[in-house]
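Structure first, then comments.
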Amino acid sequence: MALTITATVSKKVGKPNYGSEGFTLTVQSEVSNMDQVREESHRLYLLLNESVTQELEGSTDTPSKTGEWPKLVPATPTSRVWRASDKQRDLILKIIDENGVDRGDVESLSLEMFSTSNLQELNRLQASGLIDELLQRYGKKSTRGTTPSGRFNGRTTR
Amino acid sequence: MIALAEAQKESVGDILEEPVSASRINLFHSCRLKFYYRYVLKLIKPVNSALHVGKAVHYGLQEWSNRRWLGKPSGVEDIRESFLTHWKTSLDENPVEFLEGEEEAQRDKAWALVDMYLRETPIPMEEKPEAVEVSVEADLSEHGLPTLRGVIDLVRPGGVILDYKTAAASPNEDQVLHRNETQLTAYGLLYREATGEKESGFELHHLVKTKAPKLVVTRHKPVTDKQKSKLFRSIESYLGGVEREDWIPSPGLQCAACEFFNECRGGVL
């Protein structure tokens, strides 16, 4: 069952001559289980806070001379958005959560394997490799194998 | 055994909804009846010694890559120790009926291949893989096709996709690409989907089981649009055949090594 998260960030800033300007931004997002709520809430807050602040500071793009707004640019890997699939992100966080693994240890492992400790930067291929190793160390019996049935074991990069 | 298998028979509708892989596509196009026995009737055959050797060799190479990746000891003796342990545990899990003295001979033969590879591999010991034995999927729904799935043996830095092959004789280099085109094309598309980048090429490392084992490496270019199109047509053909329940056999030289030879001769259809 999907859970809906509604996030709102509202800010007001002072303006000359005792004036003020405020901006409220609200978005909704869905997650598939409770384990994802904290991560998604954090992501939404950062996104909204950054957007609201930029609007109020007047640093966002404004309509060009042709009157057209610039196109939306997808989030980059440096934001809170994961490059791995939602399923992979959920599984990594679940393994960390359920096994009481120190996130720092997982980030160190990621650094060893992929030369980055930022889990959000891992692409699907890398996330799959990390999940394999996490399962080997903390989770179920290894999914590594060479038989067709053992290879997939219900887990892939999507 | 056949009656048992009938009870577990999978519906064609279920198969059509499952992800496709290069091995499924290749099997279907090489012999539809064999596909039927394996994926529809789900007949299970005991692991034969040749298959066990192939898996053991694969394990040894995978262990070597994993150890290098994680900075663990990966010398020949370290790999040999893991290989021997795995040989025993995998036999406990999936027993193989060896002839008198055959197990030891097969084990030594398998290790000889791994040992040869560790000595002759072009991969530097200090090289870190991008991925080892990684399962990947690609959503092909925008092409009206099911999900594509595969397991890539090794991805070398820079996006070189590598697959290990064990063979009884040296490969004919002119035929290697032709015979492996479906698999390599699928792996290329899977890599692109998983990384957002184009593969830089492919390497097939053939471990040849000659008296003195040897390694033959063949290198292949990235997937072309033509190859991609061929793969999609091949998947369409596979889907059409499964939907029609076209289980017509393709008798030929390959029947000599087919595990379903007796069922085929007996006409279990």
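The values are calculated or read from the model by the stated rules, or taken from the named source; none is laboratory data. Keep in mind it's a predicted model, so treat the numbers as computed, not measured. FYI the Cβ positions are ideal-geometry reconstructions off the backbone, even for glycines, and counts take in every protein chain you see.
Elements of the type helices (runs of 4 or more DSSP H) sitting completely within segment B:5-54 and holding at least 1 residues that are within 13 Å of another protein chain (Cβ to nearest Cβ), under 21 Å from B:R179 (Cβ atoms) and basic (K, R): these cover B:22-30.
Out of B:G13, B:G71, B:G60, report the one residue that is without any contact (Cβ under 8 Å) to a residue 60 or more places away in the chain, among the small types (G, A, S) and in contact with an Asp or Glu (Cβ under 8 Å, 6 or more places away or on another chain). It would help to see each step written out before you state the result.
Working: B:G13 fails: in contact with an Asp or Glu (Cβ under 8 Å, 6 or more places away or on another chain); B:G60 fails: in contact with an Asp or Glu (Cβ under 8 Å, 6 or more places away or on another chain).
The unique qualifying residue is B:G71.
Residues that are farther than 30 Å from B:L231 by Cα and of a type in the set (D, E, K, R) occur in segment B:52-66; there is at least one. Exactly one residue among B:H143, B:H220, B:H178, B:H205 is away from every other protein chain (no Cβ under 14 Å) and closer than 25 Å to A:E133 by Cα, and that residue is B:H205. State all residues of segment A:115-138 that are more than 17 Å from the chain's Cα centre (by Cα), in a helix (DSSP H, G or I) and more than 8 Å from chain B (Cβ to nearest Cβ); if no residue qualifies, say none. Passing the criteria: A:L134, A:L135, A:Q136, A:R137.
Just for segment B:150-172: of the residues that are within 12 Å of chain A (Cβ to nearest Cβ) and touching a Ser or Thr at 6+ places or on another chain (Cβ under 7 Å), which one is farthest from B:M125 (Cα to Cα)? Please lay out each step first, then the result.
To start, the set of residues in segment B:150-172 that are within 12 Å of chain A (Cβ to nearest Cβ) comprises B:150-155, B:157, B:159, B:161, B:164, B:166.
In the following step, the residues that additionally are touching a Ser or Thr at 6+ places or on another chain (Cβ under 7 Å) were identified as B:150-151, B:154, B:159.
Numbers: B:G150: 26, B:V151: 23, B:L154: 14, B:G159: 18 Å.
The residue in question is B:G150.
Just checking, how many residues over segment B:110-138 are of a type in the set (D, E), touching a Ser or Thr at 6+ places or on another chain (Cβ under 6 Å) and over 16 Å from B:Q183 (Cα atoms)?
The first filter runs over segment B:110-138 and keeps only residues of a type in the set (D, E), leaving B:115, B:120, B:126-127, B:130, B:133, B:137.
Of the ones still in play, those that are also touching a Ser or Thr at 6+ places or on another chain (Cβ under 6 Å) are B:137.
This time we only want the ones that are over 16 Å from B:Q183 (Cα atoms), so: none.
Number of matching residues: 0.
Among the conditions (1) over 28 Å from B:E137 (Cα atoms); (2) assigned to a loop (DSSP other than H, G, I, E, B); (3) hydrophobic (A, V, I, L, M, F, W, C); (4) modelled with pLDDT of 70 or more, A:V9 misses just one, which is (2).
Determine whether segment B:97-105 contains at least one residue that is within 13 Å of another protein chain (Cβ to nearest Cβ) and in contact (Cβ under 8 Å) with a residue 40 or more places away in the chain.
The initial filter retains those residues of segment B:97-105 that are within 13 Å of another protein chain (Cβ to nearest Cβ), namely none.
Within segment B:97-105, not a single residue is within 13 Å of another protein chain (Cβ to nearest Cβ) and in contact (Cβ under 8 Å) with a residue 40 or more places away in the chain.
The test for being facing chain A (nearest Cβ under 10 Å) and in contact with a helix residue (DSSP H, G or I) (Cβ under 8 Å, 6 or more places away or on another chain) holds for B:Y59. Within segment B:184-196, can you find the residues that are polar (S, T, N, Q) and more than 14 Å from chain A (Cβ to nearest Cβ)? Of everything in segment B:184-196, just one residue is polar (S, T, N, Q) and more than 14 Å from chain A (Cβ to nearest Cβ), namely B:T185.
Of the listed requirements (1) under 15 Å from the mean Cα position of the chain (by Cα); (2) touching a residue at least 40 places away in the same chain (Cβ under 8 Å); (3) surrounded by 21 or more Cβ atoms within 10 Å (Cβ to Cβ); (4) within 14 Å of chain A (Cβ to nearest Cβ), B:E199 misses just one: (1). Counting only residues that are more than 29 Å from B:D92 (Cβ to Cβ), of a type outside the set (D, E, K, R) and surrounded by 14 or more Cβ atoms within 10 Å (Cβ to Cβ), how many does segment B:13-51 have? Number satisfying all stated conditions: 13.
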